[in-house]
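Report on the structure given below.
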Amino acid sequence: MKIVEGIHQVDGINGNVYLVEDGDKLILIDTGLPRNYKKMIKYIEALGRKPTDVSMIVLTHFHIDHVGSAKKMKELTNAKVAVHEFDADYVAGKKAPPKPKNLMFKALSSIVKTEPVEVDLVLKDNDKVGRLIVIHTPGHSEGSISLLDVERKVMFAGDAVRFMDDKITGPPEQFTLDMDKARNSIRKISTFDFDILLSGHGQPLMPNASQKVKDFYATLK
Ligand SMILES: [Zn+2]
Ligand SMILES: [Zn+2]
């Protein structure tokens, strides 16, 4: 579905996958679980574009519901994969990620393995990926990032903050490495000017999204 001119959410994938038009190129934000690639390719083609128009695949963090189809999408599009420096080794399979706190998920994470994908671009706070600005928003994971489309006033927040069932919430505690850092990242996000918040799960928050995130952060103190 089209969110605003130039920004789309690929339907039927969890976590959420977004497609950003950037001149004649496309930027893919996150890739959902493994085996979601067909839906992305179909969506790209329905826009009248080719998979090879995707020049960049940006991953908001290393969790499997965001990087699951990254390898396959890289193969199909020839795009570069970009990840924050603190999550890059997990995505590339060079380092085992920290174990989840919750026992059930600990067991699950030993069964469901993410297919590693080569990282082409290691990101830092304030970097630019095409038209998007990288904002380091750690806490949920060390290398969690948000991405801001300044002109379109859209913030992509990954799992740092979400809008779901009419409520703004922070990241789920059992999947989150450091809740203090996560809270601080919600504050950081709220200092930017955006009208629409697009998260890794849940629905778009609009309008006046940055003010709404600010109000939400005030309830955390
Ligand atoms: Zn996550
Ligand atoms: Zn997630």
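Since every read-out is calculated from the coordinates, none of them should be taken as a lab result. If you're wondering where the values come from, they're calculated on a predicted model, not measured in any experiment. FYI the Cβ positions are ideal-geometry reconstructions off the backbone, even for glycines, and counts take in every protein chain you see.
Need one word for the stretch 158-221: rounded, prolate or oblate. Basis is the Cα gyration tensor (sqrt eigenvalues a ≥ b ≥ c); a/c below 1.5 gives rounded, then a/b vs b/c decides. Before the final figure, lay out the partial values.
Numbers: a/c = 1.79, a/b = 1.26, b/c = 1.42.
Judged from the Cα gyration tensor, the stretch 158-221 comes out oblate (a/c at least 1.5, b/c at or above a/b).
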Amide H neighbours of Gly202 under 5 Å, at least 5 residues apart or on other chains, H built in the peptide plane: list them.
none
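Efficiency by 1/(1 + (r/R0)^6): what FRET value for Lys50 and Glu151, r their Cβ-Cβ distance, R0 = 25 Å, to the nearest 0.05?
Working: r = 25 Å, r/R0 = 0.98.
In this case the efficiency is close to 0.55.
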Work from the charge dipole of the chain (Cβ charges, +1 for Lys and Arg, -1 for Asp and Glu, about the Cα centre) and give the residue of Asn102, Ala79, Ile168 farthest towards its positive end.
Asn102
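What list do you get for Val4, Val117 if you sort them by fewest beta carbons within 10 Å? Don't skip to the end; give the middle numbers.
On the way: Val4 15, Val117 22.
Lowest to highest Cβ neighbour count: Val4, Val117.
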If the chain between Ala92 and Asp180 were fully extended at 0.36 nm per residue, the gain over the current Cα-Cα distance would be 29.0 nm
Computed [θ] at 222 nm, deg cm²/dmol, the chain (DSSP H ≥ 4; -39,500 (n - 2.57); rounded to nearest 500)
-8000 deg cm²/dmol
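Based on a Kirkwood Rh over C-alpha pairs, give the Stokes-Einstein translational diffusion coefficient of the chain at 20 °C and viscosity 1.002 mPa s in µm²/s. Write out the running numbers ahead of the final one.
Values: Rh = 17.1 Å.
Calculated translational D: 125 µm²/s.
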Counting only residues 5 or more apart in sequence or on a different chain, those whose built amide H sits under 5 Å from that of Gly143 are Asp87
How large is the charge dipole for the chain, taken about the Cα centre, if only the Cβ atoms of Lys, Arg (+1) and Asp, Glu (-1) carry charge, to the nearest 20 debye?
420 debye
Restricting to Cα pairs under 8 Å and 6 or more apart, the percent relative contact order of the stretch 1-55 works out to 27 percent
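By count of other Cβ within 10 Å, fewest leading, how are Glu151, Glu21, Glu115 ordered?
On the way: Glu151 8, Glu21 18, Glu115 13.
So the residues, fewest neighbours to most, are Glu151, Glu115, Glu21.
Counting only DSSP beta bridges with both residues in the stretch 2-220, what percent are antiparallel, rounded to the nearest 5? Mind dumping the intermediate values first?
Working: 24 of 39 bridges.
Just about 60 percent of them are antiparallel.
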Counting alpha carbon pairs within less than 8 Å and at least 6 residues apart, what relative contact order, in whole percent, applies to the chain?
15 percent
Amide H contacts under 5 Å for Asp22, restricted to residues at least 5 apart in sequence or on another chain and with H modeled in the peptide plane, are Ile27
Pseudo-spin-label distance Gln203 to Lys124, built 7 Å along Cα→Cβ, given in nm, is 4.0 nm
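To the nearest whole percent, what portion of all C-alpha pairs in the stretch 48-170 is separated by more than 18 angstrom? Write out the running numbers ahead of the final one.
Details: 4197 of 7503 pairs.
Here the tail beyond 18 Å accounts for 56 percent of pairs.
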Cα gyration tensor, the stretch 117-192 - rounded (a/c under 1.5), prolate or oblate
oblate
From the phi angles alone, apply the Karplus equation (6.51, -1.76, 1.60; θ = phi - 60°) to the stretch 82-98 and give each ³J(HN,Hα) in whole Hz, x where the residue is Gly or Pro.
10, 9, 4, 4, 7, 10, 4, 5, 5, 5, 7, x, 8, 9, 6, x, x
Separation of the Asp166 and Asp24 label points, Cα + 7 Å toward Cβ, nm:
4.7 nm
